[in-house]
1. Would you point out which residue out of 160, 137, 102 is surrounded by fewer than 18 Cβ atoms within 10 Å (Cβ to Cβ) and either modelled with pLDDT of 95 or more or touching a helix residue (DSSP H, G or I) at 6+ places or on another chain (Cβ under 7 Å) (or both)?
2. With the structure loaded, tell me whether residue 191 is within 15 Å of the ligand (Cβ to nearest atom), within 23 Å of residue 225 (Cα to Cα), part of a helix (DSSP H, G or I) and under 16 Å from the mean Cα position of the chain (by Cα) or whether it fails that test.
3. Restricting to the range 195-205, and then to whatever is farther than 9 Å from residue 219 by Cα and within 16 Å of the ligand (Cβ to nearest atom), can you tell me which residue is surrounded by the most Cβ atoms within 10 Å (Cβ to Cβ)?
4. Taking residue 120 and the conditions (1) in the same structural domain as residue 185 (by TED's automatic domain parsing); (2) in a helix (DSSP H, G or I); (3) out of contact with any strand residue (DSSP E or B) (no Cβ under 6 Å at 6 or more places or on another chain), which numbered condition does it fall short on, given that it satisfies the others?
5. Of all residues in the range 142-171, how many are touching a residue at least 40 places away in the same chain (Cβ under 8 Å) and within 18 Å of residue 81 (Cβ to Cβ)?
6. Only residues that are more than 11 Å from residue 127 (Cβ to Cβ), assigned to a loop (DSSP other than H, G, I, E, B) and in contact with a strand residue (DSSP E or B) (Cβ under 6 Å, 6 or more places away or on another chain): list them for the range 145-187, please.
7. Would you confirm, using the coordinates I've provided, whether residue 213 is surrounded by fewer than 16 Cβ atoms within 10 Å (Cβ to Cβ), over 22 Å from residue 22 (Cα atoms) and out of contact with any helix residue (DSSP H, G or I) (no Cβ under 9 Å at 6 or more places or on another chain)?
Ligand SMILES: [Mg+2]
C-alpha cells in the first residue's frame with residue numbers, strides 16, 4: 001500500500017521549483033486544451049468530408065489523408081491550415097468552425113493561470129497552431145486573457161520541434177532559459193527545448209481525454225494542473 005502511494009506521487013506530483021521560475025510557457029493543443037478536438041477533426045470529421053468531396057469510400061479517404069499527413073509531419077506545413085486548404089482544395093478554417101463546440105479547456109487550467117498571474121510570472125502561450133486555428137480556439141475558450149504574450153510558431157517560420165526555434169523565440173520574446181518552465185504534450189518539442197537550454201520541462205499524461213494516457217520517460221508529466229499549483233506565497237530566489 002505504502003509503495004503504491006510513493007510511486008503514484010513520484011510520477012504524478014512533481015512540483016516545479018516555483019521560486020526558480022520567472023517564465024512559464026504553455027503549449028495549447030493537448031496541454032491547455034483537450035486534444036480530442038484536433039484528433040476528432042483530422043481523423044474523423046475531415047476524412048468524411050474528403051470522401052464526400054472526392055466521391056470515394058471512407059476507408060480510401062482515410063488512407064489518402066494519412067499518407068499526406070505522414071509526409072508533412074514534423075514540419076510547419078503539418079500545422080498550416082493554408083497548406084491543407086491548398087492541398088485538399090477545402091476551406092479547412094471554415095470546416096473547423098463547424099465542430100468548434102468540441103473545443104474544451106482541460107481541468108484546472110484557469111485556476112493555474114490565475115494563480116500564476118498572482119505570482120507575477122511571465123505567462124506565454126507558445127503554439128504550433130496556425131493563426132486562424134489559434135484565433136478560433138481563443139474565441140471559443142477565452143483563455144487568451146491570461147497571457148502576457150501569445151505566439152504562433154508560424155510567425156517564426158519554424159515549428160517548435162525544429163532546430164533553432166527556441167533561440168529564435170528568445171529574440172522575439174526575451175526569456176532566461178535557465179528560469180523557464182515549458183509545459184507541452186509533445187515529446188519532440190520538449191526534447192528540442194532541452195537541446196536549446198530550457199531547464200524545466202513537463203509533459204502531459206493524457207493530452208486527449210478520449211484516448212489512453214501516454215508515457216514519457218525523460219520528463220515529469222502532469223495529469224491535473226491542480227498537482228503543480230504554486231503555494232500561496234513563493235519565496236523568490238534570484
Ligand atoms: Mg500540443
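The values are calculated or read from the model by the stated rules, or taken from the named source; none is laboratory data. Every value quoted in this text rests on a predicted model; they were computed, and no experiment measured them. Using ideal geometry, Cβ is built from the backbone for each residue, glycine included, and neighbour counts are taken over all protein chains shown.
1. The match here is 102.
2. Details: within 15 Å of the ligand (Cβ to nearest atom): yes; within 23 Å of residue 225 (Cα to Cα): yes; part of a helix (DSSP H, G or I): yes; under 16 Å from the mean Cα position of the chain (by Cα): yes.
Yes: the conditions hold for residue 191.
3. That would be 204.
4. Result: residue 120 fails condition (2) only.
5. So the count comes out to 6.
6. Within the range 145-187, 148, 173, 175, 185 qualify.
7. On the way: surrounded by fewer than 16 Cβ atoms within 10 Å (Cβ to Cβ): yes; over 22 Å from residue 22 (Cα atoms): yes; out of contact with any helix residue (DSSP H, G or I) (no Cβ under 9 Å at 6 or more places or on another chain): yes.
Taking the combined requirement at face value, the residue satisfies it.
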